[in-house]
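The structure under discussion appears below in the form of structure tokens.
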Amino acid sequence: PLNAILGFSELILIEGEASPLLPRHRDYVASIHDSGQHLLELVNDLLDLSKIEAGKWPLHPALFPLRPLVEECVRLMEVDANASAVTITVAMESVPAVLMADQRAVRQCLFALLSNAIRYSPAGGAVTVEVAAEGTMTRFRVIDHGAGIPAEAIPRLLNPFDPEEEAAARPGPAAAAAAAGGTGLGLAVVRSLVDLHGGRMRIDSAEGSGTTVTLLLPTGGIAPAA
């Protein structure tokens, strides 16, 4: 059903550029498309989290080039960033050539962190993505310069199924951003995927100082189960 909602609403918007579509009707169709996209993200996050908690998420670790994956994620998120007047910068000076991990899971983690960073950045703000080797681990950092989060509220961001917790944990304009988009599940899914890889996740933030989310993944892959 969502495929039809998204596909036909997008088609109407495209055809409406060359046909007499009333402005308010165009706004209606755009709202249908945006709401359908939000619902699709929510359904996907729910399915992912349910599979992870049930132990049914099958990891498929494989060697893949890391730099192209990061560049792809940044390139795809630049559309959202440009719409919010946010710039994305990338630092990959000492990035490992390859990573042994589930590529789809790593991509999903980066998308979730970039989406959050853009959502909570002010217009004209900047988001930084850093990737580097750290011993036997590969370190990912996504940094924004938004309103930041009180230290005591950080654990609440990892509470799944409660977007109100996310809005309450982020003060000021960030609360409005949380209400306007997001599912309240993104960080919980990221943490679960990192845990499955035997990695670690850390959130560093303070009110007025922005937020840095750090992921550490084993560069050489997950040790096989006994």
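One residue stands out among those in region 33-53 that are free of Cβ contacts under 8 Å to residues at least 12 places away in the same chain and not aliphatic (A, V, I, L, M): the one that is most open to solvent (accessible area, probe 1.4 Å), which is D34. Being over 15 Å from the mean Cα position of the chain (by Cα), at pLDDT below 95, part of a loop (DSSP other than H, G, I, E, B) and polar (S, T, N, Q): is that true of S121 here? Taking the combined requirement at face value, the residue does not satisfy it.
Within region 176-225, restricting attention to residues that are modelled with pLDDT of 90 or more and among the acidic types (D, E), which residue is nearest to I154 (Cα to Cα)? Per the criteria, the residue is D204. Across region 54-64, the qualifying residues are those that are open to solvent by 80 Å² or more (accessible area, probe 1.4 Å) and not aliphatic (A, V, I, L, M), and the one among them that is nearest to H197 (Cα to Cα) is H60.
Only one entry of L76, L63, L69 meets the criterion of being at pLDDT below 90 and either of a type in the set (D, E, K, R) or not in a loop (DSSP other than H, G, I, E, B) (or both), and that entry is L76. S9 meets all of the listed conditions (1) in a loop (DSSP other than H, G, I, E, B); (2) over 25 Å from P122 (Cα atoms) but one, namely (1). One residue alone among I14, I5 is surrounded by 14 or more Cβ atoms within 10 Å (Cβ to Cβ) and of a type outside the set (S, T, N, Q), and that residue is I5. Restricting attention to region 85-109, the residues that are among the aliphatic types (A, V, I, L, M), open to solvent by 10 Å² or more (accessible area, probe 1.4 Å) and outside any strand (DSSP E or B) add up to 4.
The values are calculated or read from the model by the stated rules, or taken from the named source; none is laboratory data. These numbers come from a predicted model, not from an experiment. Every residue, glycine as well, gets a Cβ built from its backbone with ideal geometry; the counts of neighbours run over all protein chains shown. Quick note on the areas: whole protein, heavy atoms, side chains included, nothing else; ligands and nucleic acids left out. Shrake-Rupley method; radii C 1.70, N 1.55, O 1.52, S 1.80 Å.
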